[in-house]
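None of the figures in this text is laboratory data; all of them are computed from the coordinates on show. Computed from a predicted model, the values in this text were never measured in an experiment. Don't worry about glycine lacking a Cβ; one is built from the backbone with ideal geometry, like all the others, and counts go over all protein chains shown.
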Amino acid sequence: MSRRPYVRKVERSWWLAHPRYVAYMVREITSLFIVLYCALLVVGLVRLAQGPAAWEGFVAAVSSPVNVVFQLGCLAFATYHSVTWFAVTPKAMPLVLKGERVPSKTIVAAHYVAWAAVSLVVLVAVGN
Amino acid sequence: MSQTITIEVLRYRPETDAEPFFQTYTVPHLEDGVVLDALNYVKDHIDPTLSYRWSCHMAVCGSCGMMINGEPKLSCHAFLRDYGGRVIRVEPLDHFPIERDLVIVMESFIDKLSSVKPYVIPKAEKPIEQGEYLQTPLQLMAFKQYTQCINCLLCYAACPQIALNDDFVGPAALALAHRYNLDSRDGGKGERADVVASNQGIWECTFVGACSEVCPKHVDPAAAIQQTKISASLDWFKARLLPGAN
Amino acid sequence: MTASNKPLLWVPFAAGGLVAALIVPVLILITGVLVPLGLVHGPHDRMAAFAHNPVGKLILFAVVALPAWHGAHRLRMTAQDLGFGGIVIKGACYGSAAVIIATAAVALLAV
């Protein structure tokens, strides 16, 4: 009897076949918005280097309705990145304290605390 | 609950079929039955030509992995009552060539498994006279979950990177490598790195996490791979920044 | 097969992921909500003073460069997932990151 294994084709749309993979794609696409926002930040750095007039121009541009909508979109995706990043971090860094494995929830919670702390520090620094 | 269950099975007989096709069977519904029971009923009473792998019927041997309604599952672990009386679609595990009916060609996995040297490579020669290795509960805890793999291949069926790249070493093989790398008796991480830390090893993984979601033994291969990425990165920088240090 | 040089790409990717997760949302809150609402305003002299300080330079550089690298690498892997894996995609992804990172460095050195 001869063998004739059948190889099933993988479609380019493979990720649409199951909610699990759709969620993965959404998670990955957050990276696009992170890059776009970094581009915005770097424009800010350039304007900062170019002097007060250029800087004020940047502040005004960043406040335009189009830019605000764009940034709100970035904020949604960036937040989703943070949430998903913290959720998987315990898998990459198993911790053992006093002979017991530190529960994943604790590691995740610690990241949220760090997130809040960093955000607070930045807000206070900028607000003053 | 309905008295019968309808299952739709992907058939493929290389000697007669140009392509796979679905065949529908109606079997009696069994109260605590699993999909494997339905397949056994088909083979025993309706169609003896149906081919599939199975053995223990209790989710420890890893033989009966299949796609059930698009989800990689052990057919002995998929309860008929969970499908709400609707048609159950049974197909061979994704991402493997189909040998016949529900039987897949798994030679590529066997090769990948052996390529990661899944055995203790002792740190140093230890003659019998020196006695046995001692291991504390803590040392065992470090790697125990990664010993639980039953080679059922559900993780390979779930992994999109396996779908896109046949050469990816894959979750189970990398989890097993991690099991040995973490074993206090083992000193073989460097030897395994040629495969484990190669481009076809851990670096093909994009942490989709589907492997760990479908694993019936909670091995968590995704965790094993991410930990190995960190370990391999540290080794990479150590080798270049501190040459001569072990 | 041999051990890969991927760690060179991956370590900044991982660091960038953490930095992005911890800092980017609050930054967007500031530039995208608080500044437009007029609740926060960074006058040029204060911002420039911070960027003038070598520690400030380092912080600003890390906050822009690491997430940019993270995003670029991840975009390249995602493009590959979608079947677009050629040299053009790789060039576009890492090239954009390189432009962002280089521009940030030049700008920060010029402040």
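Defining a contact as two alpha carbons under 8 Å apart and six or more residues distant in sequence, what relative contact order in percent does chain A show?
19
Rounded to two decimals, what ratio of Rg to Rh does chain A give with C-alpha atoms and a Kirkwood Rh?
That ratio equals 1.17.
Could you work out the mean count of beta carbons from other protein chains within 10 Å of each residue's beta carbon in A:19-25?
Mean number of neighbouring Cβ atoms from other chains: 4.
Assuming R0 = 56 Å, what is the FRET efficiency of residue A:3 and residue A:100, from their Cβ-Cβ distance, to the nearest 0.05?
With a Förster radius of 56 Å, E is 0.65.
Quick one: in the stretch B:4-104, what % of C-alpha pairs are over 21 Å apart?
26
How big is the stretch C:1-87 along each principal axis, measuring the range of its Cα positions in Å and listing the largest first?
54, 29, 22
Taking the number of other C-beta atoms within 10 Å as the exposure measure, put B:112, B:123 in order starting with the fewest.
Exposure proxy ranking, most exposed first: B:123, B:112.
Where does each of A:115, A:14 land when they are ranked from fewest to most other beta-carbon atoms within 10 angstrom?
With the fewest neighbours first, A:115, A:14 line up as A:14, A:115.
Please report Rg over Rh for the stretch C:46-105, where both radii come from the alpha carbon positions and Rh follows the Kirkwood definition.
1.17
Looking at chain B as a GNM with Cα springs under 10 Å, which of B:93, B:140, B:102 has the largest mean-square fluctuation?
Result: B:140 has the largest fluctuation of those listed.
Once label points are set 7 Å from the Cα along Cα→Cβ at both residue B:81 and residue B:58, what is their separation, rounded to one decimal in nm?
Output for this residue pair reads 2.0 nm.
Rounded to the nearest 0.05, what FRET efficiency is calculated for residue A:80 and residue C:49 with R0 set to 41 Å and r the Cβ-Cβ distance?
0.75
Residue A:17 to residue B:128: FRET efficiency via 1/(1 + (r/R0)^6), r the Cβ-Cβ distance, R0 60 Å, to the nearest 0.05?
0.65
Say each of residue B:140 and residue A:120 gets a label point 7 Å from the Cα, pointing the same way as Cα to Cβ; how far apart are those two points in nm?
Result for the modelled spin labels: 4.4 nm.
Per DSSP helix of 4 or more residues, -39500 (n - 2.57); summed, then divided by the residues of the protein assembly as shown. What does that give at 222 nm, rounded to the nearest 500?
-17500 deg cm²/dmol
What percent do you get for the relative contact order of chain C when only Cα pairs under 8 Å and 6+ apart count?
Relative CO of chain C lands at 35 percent.
Relative contact order (percent) for chain B, with alpha-carbon contacts under 8 angstrom and 6 or more residues of separation?
It comes to 17 percent, rounded to a whole number.
Quantify how strongly other chains surround peptide B:156-169 by giving the mean number of their Cβ atoms within 10 Å of each of its Cβ atoms.
3
Among the complete DSSP H segments of chain A, which ones combine at least 24 Å of alpha-carbon extent along their axis with a mean Kyte-Doolittle hydropathy of -0.5 or more?
A:19-50, A:65-92, A:104-127
Given the C-alpha atoms of the stretch B:186-246, compute the convex hull and give its volume per residue in Å³.
Once divided by residue count, the hull of the stretch B:186-246 is 92 Å³.
Specify the angular offset, from 0 to 90 degrees and rounded to the nearest 10, of the alpha carbon long axis of helix B:221-241 from the longest principal axis of the alpha carbons in chain B.
Long axis of B:221-241 versus the principal axis of chain B: about 20 degrees.
What do you get for trypsin sites (Lys or Arg not before Pro) in the stretch A:87-128 restricted to DSSP loop and a cutoff of at most 12 other Cβ within 10 Å of the site's Cβ?
A:98
Note the direction-averaged projected area, equal to a quarter of the hull surface, for the Cα convex hull of the protein assembly as shown, in nm².
Here the figure is 29.9 nm², rounded to one decimal.
Take the Cα pairs of chain B, get the Kirkwood Rh, then feed it into Stokes-Einstein at 10 °C and 1.306 mPa s and tell me D in µm²/s.
80
What is the log10 of I(q)/I(0) for the stretch B:107-241, computed with the Debye formula using one identical point scatterer on each Cα and no solvent, at q = 0.11, 0.14, 0.19 Å⁻¹?
At q = 0.11, 0.14, 0.19 Å⁻¹ the computed log10 ratios are -0.39, -0.62, -1.07.
To make sure I understand, if each residue's beta carbon is the centre and we count other beta carbons within 10 Å, what order do B:21, A:77 fall in, fewest to most?
Ranking B:21, A:77 by Cβ neighbours within 10 Å, fewest first, gives B:21, A:77.
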